[in-house]
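Here's the structure, in structure tokens; my notes come after.
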Amino acid sequence: MLHTLHPQALRIAEALKARREKIAVADGATGGLIGAALLTVPGALKFYVGGGVVYSLRARDVLFGLPAEAYEGMRSATADYALLQARAVREQFGAQWGIAESGSAGGSKHPMQVASGISCCAVVGPGVELTRVTETDSDDRIGNMLDFTKAALALLEEALG
């Protein structure tokens with residue numbers, strides 16, 4: 001699986017290294033694949049500072065350090081939610097870039113009633129804030145995780161220009 005993501009990760013790594021900038025990652029329904037893909041690049045420490053898999057409210061609170069009020073009126077797998085998380089992970093890790101993904105990979109009922117096969121990703125960087133929704137119309141958990149990760153990496157590549 002990571003072999004298919006590695007070419008995207010290499011391009012992203014080269015762009016970040018050329019800029020001398022670093023990224024922090026908040027994986028959601030991607031289950032850590034965004035971070036794992038970037039870490040396939042040797043010397044990742046030159047562009048990757050860290051992150052985590054946000055798979056519970058507790059993980060969200062620990063990783064982002066935001067008060068509960070920051071999420072008032074928000075639903076997961078939306079642009080506002082993903083942007084809030086991308087901004088927060090960037091800030092928490094002191095990186096120039098932050099990427100966050102939130103969605104429902106499927107195979108079980110989502111606690112916030114998000115339909116299977118929906119993901120929203122946000123990328124925040126110097127002068128850049130982009131979001132993208134990916135819908136697969138599928139309940140294939142593994143396939144969705146991979147598709148969501150590819151979409152997130154594509155959005156990051158686009159943001160890096």
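Throughout, read-outs are computed from the coordinates displayed, never taken from laboratory work. In this text, all values refer to a predicted model and were calculated from it rather than measured experimentally. Positions of Cβ are generated from backbone atoms using ideal geometry, with glycine treated the same way; all protein chains shown enter the neighbour counts.
Here are the numbers for this structure:
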| read-out | value |
| --- | --- |
| Members of segment 151-161 found to be surrounded by fewer than 22 Cβ atoms within 10 Å (Cβ to Cβ) and either in contact (Cβ under 8 Å) with a residue 60 or more places away in the chain or touching a Gly at 6+ places or on another chain (Cβ under 8 Å) (or both), listed by number | A154, E157, A159, L160, G161 |
| Lone unmet requirement of (1) touching a residue at least 60 places away in the same chain (Cβ under 8 Å); (2) surrounded by fewer than 21 Cβ atoms within 10 Å (Cβ to Cβ); (3) part of a strand (DSSP E or B) for A100 | (2) |
| Members of segment 26-39 that are in contact (Cβ under 8 Å) with a residue 40 or more places away in the chain and not in a helix (DSSP H, G or I) | A26, D27, G28, A29, T30, G31 |
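Condition check ((1) closer than 16 Å to V53 by Cα; (2) surrounded by fewer than 20 Cβ atoms within 10 Å (Cβ to Cβ); (3) in contact with a Phe, Trp or Tyr (Cβ under 9 Å, 6 or more places away or on another chain)) across all residues:
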site	(1), (2), (3)
A77	yes, no, no
D80	no, yes, no
G94	no, yes, no
A105	yes, no, yes
E129	no, yes, no
R132	no, yes, no
D139	no, yes, no
G143	no, yes, no
T149	yes, no, no
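This table checks each residue for (1) part of a loop (DSSP other than H, G, I, E, B); (2) touching a Phe, Trp or Tyr at 6+ places or on another chain (Cβ under 7 Å); (3) free of Cβ contacts under 8 Å to residues at least 40 places away in the same chain; (4) of a type outside the set (V, I, T).
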site: E14; (1), (2), (3), (4): no, no, yes, yes
site: A24; (1), (2), (3), (4): no, yes, no, yes
site: V41; (1), (2), (3), (4): yes, no, yes, no
site: G50; (1), (2), (3), (4): no, yes, no, yes
site: R58; (1), (2), (3), (4): no, no, yes, yes
site: L63; (1), (2), (3), (4): no, no, yes, yes
